[in-house]
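Peer 1: Quick one: this structure, given as structure tokens, is what I'll be asking you about.
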Amino acid sequence: MDAITPESSSGADWDSLPFDNSYARLPKSFFTRLDPTPVATPRLIKVNQRLAKAIGIDPEILSGPKSAEILAGNLVPQTAEPLAMVYAAHQFGNWVPRLGDGRAILLGEIVGPDQIRRDIQLKGAGPTPYSRMGDGRAVLGPVMREYIVSEAMAGLGIRTTRALAMTMTGEMVMREGPEPGAVLTRVASSHIRVGTFQYFHGQRDAEAIRRLANYVIDRHYPEARDAAQPYRALLEAVAGNTAELVASWMLVGFIHGVMNTDNTAISGETIDYGPCAFMDAFHPQTVFSSIDQSGRYGYDQQASIGLWNITRFAETLLPLLDADDETALASAKQALEVYWPRFEAAFHVGLCAKIGLPGGAKGDFDLAMDLLNRMAQQKADFTLTFRRLCDAPAGDHAAKAMLRTLFEDPAVFDEWEGQWRPRITMDGTDAIQRRRAMRAVNPAFIPRNHQVQRAIDFATQAEDFQPMEDLLSVLVTPFEDHPGHEELMLPATADQAVTQTFCGT
């Protein structure tokens, strides 16, 4: 594959990007070095200029004439060291000893102005030794879904991988039928997963696990390095971060859909937006993923599955925790005890804040849960209920009337409000201040399934990306009102509803 020549005299070219590829310096058993597979006629569709600036990439680089070639995988920057990572997984509870990046190529890492190291990865860049008979490609619809939803999560303040760019390949890819091919440029603080550790655990390679654990400590959890028991400190940190991440999902009605251990990032970021979705009408047992037939990864199962996945991580670390098996097991169990308190603290405080009671006084969480139960019984929209509730402390009667219409029987809400309103007057907080605080945690906009699908349909059927741009324009700042885009706030009508989502492979 050809190296890149400079794009301009300004110095803003891909060869000037300071890749520093620490993962490539790990042993060869951790990955396979290979270049992306070139495509026919790459065309750059979307560039995330805001993210580029934040991570230290000159926007001129992304607008250069060679960018489409690079971000589709036809050219490789001179300082990049492309590789595909190997990992294993429990997928829907079933052990798969070898997976890996079947269609993704890690170009390398850059260190941003904030001194954070980040991976730059091409998803859909062609087959690798881990493709398992797959074509190694991605199609436009799932690439758009990941771009839209990951950027929405960033706007919501939830830890996530990000989308830097989206490129069409000029080739058709066969799924149920021919679909336009695309490549997503993904940015992550790393792509190391629980499944990465599981791969070496399955290989009985204790030295590789130690090497990987040390790498993760240095890259993500340097505070663990000076702990009395560094590997236990690592386990506690990953468990706590995962607990808080899952709580943040649930506070906005997000359902990941495929919480396999290869989709559980050690960094504590949301990764892999395949069959994910946000709820419209609230129900705790909601499932969207077409491949989740048993509801294993439903909304109300996510916290338990998060712990299940981190328990699998703990199993890989046992040899590092202590030479004695029983002592190591006891240490792991104690470390995992941080999970539920961290989840409950984040979820309880967050849910109370959504109803305007951030202090979490006795009874506040029960009051918030009572609202959720009533929402489930009445099929009230999750996002709109909390957003419209923001205006209630200030006595906005029109907003209250609109809020009541979300309940099949408005009297059910009225009964709850009769308990809530005396409570919010007890702490003396000004109604306007309370409204402002509630609006800061209750978004007006989420990437609703039917709007994401509409954007995908326009793009795949007519190469019209305006609906995607309209959607992204509000999702970047989802807590603002965005006059003129009110239709993007609304749940799907019966004929618009999208009840199943798909992984895209």
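The values are calculated or read from the model by the stated rules, or taken from the named source; none is laboratory data. Being a predicted model, the structure only gives us computed values, none of them experimental. Every residue, glycine among them, receives a Cβ derived from its backbone with ideal geometry; neighbour counts consider all protein chains shown. When the accessible area is computed, the model is the full protein with side chains, heavy atoms only, and any ligands, DNA or RNA have been set aside. Shrake-Rupley method; radii C 1.70, N 1.55, O 1.52, S 1.80 Å.
Peer 1: In region 304-363, if the dipole is taken from +1 on Lys/Arg beta carbons and -1 on Asp/Glu beta carbons about the Cα centre, which of Thr327, Ala345, Thr311 is farthest to the positive end?
Peer 2: After comparing all options, I get Ala345.
Peer 1: How far apart, in nm, are two points set 7 Å out from the Cα along the Cα-to-Cβ line at Cys503 and at Ala361?
Peer 2: According to this spin-label approximation, the distance is 4.9 nm.
Peer 1: Between Phe92 and Glu344, what length comes free when the chain is fully extended (0.36 nm per residue of separation minus the Cα-Cα distance, one decimal in nm)?
Peer 2: Computed gain between Phe92 and Glu344 is 88.3 nm.
Peer 1: List the residues of region 217-254 whose backbone N lies under 20 Å from a point placed 7 Å from the Cα of Ala440 along the Cα-to-Cβ direction.
Peer 2: Within reach of a label on Ala440: 248-249, 251-252.
Peer 1: For the chain, give the percent of accessible area contributed by carbon and sulfur heavy atoms, probe 1.4 Å, rounded to a whole number.
Peer 2: Roughly 52 percent of what the probe reaches on the chain is carbon or sulfur.
Peer 1: Using the structure shown, select from Lys379/Lys400; Lys46/Lys66; Lys46/Lys123; Lys333/Lys362 the pairs with a Cα to Cα distance greater than 19 angstrom.
Peer 2: Lys333/Lys362
Peer 1: Mind sorting out which of (i) 49; (ii) 33; (iii) 26 is the real percent of Cα pairs over 36 Å apart computed from the coordinates?
Peer 2: Here the calculated entry is (ii).
Peer 1: Under a Cβ-only charge scheme (Lys and Arg +1, Asp and Glu -1), can you give me the dipole magnitude of the chain about the Cα centre, in debye to the nearest 20?
Peer 2: For this selection, approximately 420 debye.
Peer 1: Compute the length gained on full extension between Lys53 and Ala376: take 0.36 nm times their separation in residues and subtract their Cα-Cα distance, giving the result in nm to one decimal.
Peer 2: Net length gain for the segment: 112.1 nm.
Peer 1: Mind checking the dipole of region 232-368: about its Cα centre, +1 per Lys or Arg Cβ, -1 per Asp or Glu Cβ, Debye to the nearest 20?
Peer 2: 340 debye
Peer 1: Given labels modelled 7 Å from the Cα in the Cβ direction, how far is it in nm from Asp409 to Gln203?
Peer 2: Here the answer is 6.1 nm between the modelled labels.
Peer 1: Taking the Cα-to-Cβ direction at Leu490 and at Thr425 and moving 7 Å from each Cα, how far apart do the two end points lie in nm?
Peer 2: Inter-label distance under the simple model: 3.5 nm.
Peer 1: Using DSSP to define loop residues, name the trypsin sites (Lys or Arg not before Pro) in region 135-239 whose beta-carbon has at most 13 other beta-carbon atoms within 10 Å.
Peer 2: Qualifying residues, ordered by number: Arg204.
Peer 1: Next up: Compare the Cα positions of Gly134, Gly155, Ile192 along the charge dipole of the chain (+1 at Cβ of Lys, Arg; -1 at Cβ of Asp, Glu; about the Cα centre) and return the one farthest towards the positive end.
Peer 2: Ile192
Peer 1: How much length is gained on full extension from Arg33 to Ala227, taking 0.36 nm per residue of separation minus their Cα-Cα distance?
Peer 2: 66.4 nm
Peer 1: Right, next: What does the charge count near Asn442 come to, summing +1 for each Lys or Arg and -1 for each Asp or Glu among other residues with Cβ under 14 Å from its Cβ?
Peer 2: Charge balance near Asn442 sits at +3.
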